[in-house]
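Colleague: Input: one structure, supplied below.
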Ligand code: NDP
């Protein structure tokens, strides 16, 4: 029988364990652990109220391999779902190797002092997971995650070749706060302030952060400004689908968000190098995180919808050139009513549950380290439709004209 240990009691972890409990036939034994146990207990209470299922809770500092391995042994976990922060990816992977547990996460490893969003640290574990007969599934959130599955589904069913791919991430939600991020503020701000990179004709093209802006009319949201950004799935998609000539990632931001971020950046509050404050080293961005609203607290007030998807252009199976747009629309208030969390946590936590279900049931299997686009998209796409993230596909006249 599978036993799943989820690490991380933020918004994403909360959604994932709620959805696992709603699928108790696949997940008969769930433990939620995090740095502070009281957060796990509060989520366990909500899971019990909403689903009638009891999940176990525990405290762990996943920065430490030994402590994490001890917990995996104590729980008897067959699968570890890492929904803590990217900083913990490698220690949790090490703990899985030392205990014989399979591994899944939603974000690639980040060193605390560098914002790189690169896969090489985790890809370096390929031989060790393979030799141990274990599977590590990387990036099973929405983006990365569903966007890669969307791409392989389009490739499998509609295209003989994809030439260009644009990933569009729109959050049309309003949380009523002056400034807040919809997932972990530290990771969100590190992503947004990084140099924008996209893949074009076999090379990376760099542009200054947030310097390329376009407007796009998102279904169920309306026209929004979106900005060209680097995002980690570009690296894995260009590696596993090398035929794609150009891959870009766009995310929407409102003017108020940009204004606040610009000021915070100008005054040095987004720095990730240590500064001395009252004789002690602090990281300005970590201090900023401490004063910003917790993303998991935004659910109650957030209204509106997210619309995330991919636009692919290439040689279709009927021999013509086609452009297809595959996307999901998710409503913040519906997500909150179902799990107590807003749609950004929901659109990440549901795919984390589905990725774990693929592994637990053996629908997806393998030995080594895998990205989502290396797997058969069909069973994952079916589960998206059944578990709260229905998708739709439509034909466009042509690729984005910018
Ligand atoms: P939160 O910050 O809300 O939650 C992170 C949780 O991890 C917190 O409960 C935190 O504990 C816990 N944690 C932090 N450090 C440790 C540690 N050393 N040991 C144990 N637990 C720890 O983040 P989110 O829920 O918003 O995001 C979770 C993950 O999902 C992140 O990696 C994020 O990058 C990723 N993500 C991926 C997306 C995708 O589409 N692929 C989209 C959105 C997020 P504490 O509460 O004590 O701080």
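The values are calculated or read from the model by the stated rules, or taken from the named source; none is laboratory data. This one's a predicted model, so the numbers in the text were calculated from it and none came from an experiment. All Cβ positions, even for glycine, are placed from backbone atoms using ideal geometry, and neighbour counts span all protein chains on display.
Colleague: Which residues, counting only those in region 265-287, are in a helix (DSSP H, G or I) and crowded, with 18+ Cβ neighbours inside 10 Å?
Modeller: 284, 285
Colleague: Looking for whichever is over 24 Å from residue 1 (Cα atoms), more than 13 Å from the ligand (Cβ to nearest atom) and under 17 Å from the mean Cα position of the chain (by Cα) here; the options are 151, 147. Which one fits?
Modeller: Step by step, each of 151, 147 is checked, and only 151 is over 24 Å from residue 1 (Cα atoms), more than 13 Å from the ligand (Cβ to nearest atom) and under 17 Å from the mean Cα position of the chain (by Cα).
Colleague: Is at least one residue of region 227-236 outside any loop (DSSP other than H, G, I, E, B), at pLDDT 95 or above and more than 30 Å from residue 201 (Cα to Cα)?
Modeller: Checking region 227-236: not a single residue is outside any loop (DSSP other than H, G, I, E, B), at pLDDT 95 or above and more than 30 Å from residue 201 (Cα to Cα).
Colleague: Of all residues in region 72-119, count the ones that are farther than 18 Å from residue 272 by Cα, near the ligand (Cβ under 10 Å from one of its atoms) and under 15 Å from the mean Cα position of the chain (by Cα).
Modeller: Going through region 72-119 one residue at a time, the tally reaches 7.
Colleague: What's the number of the only condition in (1) in contact with a strand residue (DSSP E or B) (Cβ under 7 Å, 6 or more places away or on another chain); (2) within 15 Å of the ligand (Cβ to nearest atom); (3) closer than 17 Å to residue 336 by Cα that residue 10 fails to meet?
Modeller: So residue 10 meets the others, but not (1).
Colleague: Here's something else I'd like to know. Regarding residue 354, is this residue under 20 Å from the mean Cα position of the chain (by Cα), surrounded by 14 or more Cβ atoms within 10 Å (Cβ to Cβ), in contact (Cβ under 8 Å) with a residue 60 or more places away in the chain and closer than 22 Å to residue 238 by Cα?
Modeller: Taking the combined requirement at face value, the residue does not satisfy it.
Colleague: With the requirement that a residue be within 16 Å of the ligand (Cβ to nearest atom) and either touching a strand residue (DSSP E or B) at 6+ places or on another chain (Cβ under 7 Å) or in a loop (DSSP other than H, G, I, E, B) (or both), what does region 351-377 give you?
Modeller: Answer for region 351-377, where residues must be within 16 Å of the ligand (Cβ to nearest atom) and either touching a strand residue (DSSP E or B) at 6+ places or on another chain (Cβ under 7 Å) or in a loop (DSSP other than H, G, I, E, B) (or both): 351, 352, 355, 356, 370, 371, 372, 375.
Colleague: Within 16 Å of the ligand (Cβ to nearest atom), touching a strand residue (DSSP E or B) at 6+ places or on another chain (Cβ under 9 Å) and under 27 Å from residue 113 (Cα atoms) - does that describe any residue in region 196-216?
Modeller: Checking region 196-216: not a single residue is within 16 Å of the ligand (Cβ to nearest atom), touching a strand residue (DSSP E or B) at 6+ places or on another chain (Cβ under 9 Å) and under 27 Å from residue 113 (Cα atoms).
Colleague: Can residue 38 be described as more than 14 Å from the ligand (Cβ to nearest atom) and modelled with pLDDT of 95 or more?
Modeller: Considered against the rule, which asks whether it is more than 14 Å from the ligand (Cβ to nearest atom) and modelled with pLDDT of 95 or more, residue 38 comes out as no.
Colleague: Look at residue 42 and say whether it is more than 18 Å from residue 140 (Cβ to Cβ) and not in a loop (DSSP other than H, G, I, E, B).
Modeller: Considered against the rule, which asks whether it is more than 18 Å from residue 140 (Cβ to Cβ) and not in a loop (DSSP other than H, G, I, E, B), residue 42 comes out as yes.
Colleague: Further, regarding this structure: Which one is nearest to residue 326 (Cα to Cα) among residues in region 151-178 that are out of contact with any helix residue (DSSP H, G or I) (no Cβ under 8 Å at 6 or more places or on another chain) and part of a helix (DSSP H, G or I)?
Modeller: 154
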